[in-house]
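So the structure is just underneath, and the comments pick up after that.
What follows draws every value from the coordinates through simple rules; no lab data is involved. This is a predicted model, so every value here is computed, not measured. Counting neighbours? That spans all protein chains shown, and the Cβs are built from the backbone with ideal geometry, glycine included.
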Amino acid sequence: MTASSVTRDDLDTVLAALANAHRRAIVHALGLQPYSISQLAELRDLSLPAIHKHLAILENARLIRRRKTGRTTYLTLERQSLRSLQGWLAGFHPYWGTDAESLANYEEFLAGNPSGTTPTTSIANEESS
């Protein structure tokens, strides 16, 4: 999954995986260093069955990777999915300013647009034509 090839399903899966505080903390910890499953369970004060559920969701979203060394399974962060999310978010960067700037730009747009169409409805209308 590259930043340019992010699909809606990929994005939904990654965002859903990151919607849980335990999973965000796991991603943060693995961004700093690899951990074993038992170390992560202890770090988050979770039972092994609970940590395995969270890890399965993170693996499904391709956010983590397992590597077995001897009898211990270590987990590392799979950065490509996060890069893809970051790339998707970067697409909005040109539109971001301060909240006041965004509101001022929208008010300016509305003042010069008596027809009442919003930027999103006018784009949708152009795409359907």
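Here are the numbers for this structure:
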quantity: Rounded, prolate or oblate (a/c below 1.5 giving rounded, otherwise prolate when a/b exceeds b/c) for the range 3-83 by Cα gyration tensor; calculated: prolate
quantity: Packing-based ranking, highest mean first, of 35-43, 50-58, 102-110 given that Cβ atoms within 10 Å are counted; calculated: 50-58, 35-43, 102-110
quantity: Estimated FRET transfer efficiency when R0 is 30 angstrom, pair residue 69-residue 20 (beta carbons, to 0.05); calculated: 0.65
quantity: Relative packing of 10-20, 62-72, which averages over residues the other C-beta atoms within 10 Å, highest first; calculated: 10-20, 62-72
quantity: Potential extension, residue 32-residue 47 segment - 0.36 nm per residue separation minus Cα distance; calculated: 3.2 nm
quantity: Fully extended contour minus Cα-Cα distance, from residue 88 to residue 39, at 0.36 nm per residue; calculated: 14.4 nm
